[in-house]
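Values in this text are rule-based calculations from the coordinates and carry no lab data. Owing to the predicted nature of the structure, the values given are computational and were not obtained by experimental measurement. Neighbour counts run over all protein chains shown; Cβ positions are idealised from the backbone, glycine included.
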């Protein structure tokens, strides 16, 4: 086992494990972390009396907090974060691990080391999805990763990893993110960019106890619906403002005189209508952009869009309504290509 951190550093890092009806391998994980010097916080998320033997085995190695009923992974994580904030002032960093034995100690240590080297950054232990990964996990992560990238404006290799680390300065942010179950971890990622929180990734090995990943409590229907529902709600301000923009353009196109100049004017006025709507909805979500910067970006996009619409329409082969859709699709692709495929200042990295 390669030692990446000193004992003093490990004692400043709390290992958080949310657990719901865990298998006995949780005992080995907790004892390994405790033996290496990590303070361990385990949240029993309403597992019931069948797991009393496990809690008795680890009570001398970890702070065990019990939920009287199952409340969800997000709720369990926030219970642990609140416990650390209120009762463990000596803790400077937090690392989260799953209770099902999929995270190896060496990988957890590398993620923790990266957090120490990158203050104010959320560090993800990103799994590689090779041929031995269960199909539902591989397919689900691929689709979610693509959707996330389009909506959040940056990409990560593993949106659903439970191996994460961050320093104490981010505790308030983590506690403020909504979500009680698996959607919580997605919400954390969705809101990082708009809150100016960098995200870094450390490649980790992928461990599954069997080909069906039966140790996971993730419900493919219920939990996926919550995750995608939250992604949709996050994207809703953009969707509403885009619809308002297109509707205003079509209405103005009919009202104004014919010609490229009127199309450009229609597009500029439509953006002047839709931009404040988008700004207001984002502000209601708690993520207002700087007004002057937001307005300047809207004007630039409208100007480029107007030029594209005019050029396409003047060819005589593409109607104005289709030219508008093509222009907006091109702008979206251009913006996405211009954005870094990670949050500010970070990417796939490791601490030296």
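With the largest listed first and rounded to whole Å, the semi-axes of the equivalent ellipsoid of the stretch 1-88 from the Cα gyration tensor are 22, 16, 10. One quarter of the convex hull surface built on the alpha carbon atoms of the stretch 75-114 amounts to 3.4 nm², the projected area averaged over directions.
Which value, in Å to one decimal place, does the Kirkwood hydrodynamic radius take for the stretch 13-218 when every pair of different Cα atoms is included? Spell out each step's value before the answer.
Working: mean 1/r = 0.0584 Å⁻¹.
Kirkwood radius, the stretch 13-218: 17.1 Å.
I'm a student and want to see the number: the projected area of the Cα convex hull of the stretch 236-338, averaged over all directions, in nm².
Values: hull surface 25.5 nm².
Average of the hull's projected areas for the stretch 236-338 equals 6.4 nm².
Take 118-125, 166-173, 44-51 and order them by the average number of nearby Cβ atoms within 10 Å per residue, most first; the result is 118-125, 166-173, 44-51.
Here the peptides 309-315, 234-240 are ranked by packing, the mean other Cβ count within 10 Å, and the order with the highest first is 309-315, 234-240.
Within 10 Å, count the other beta carbons around each residue, average over each peptide in 52-62, 27-37, and list them highest first. List each step's numbers first, then the result.
On the way: 52-62: 15.5, 27-37: 17.9.
Top to bottom by mean Cβ count within 10 Å: 27-37, 52-62.
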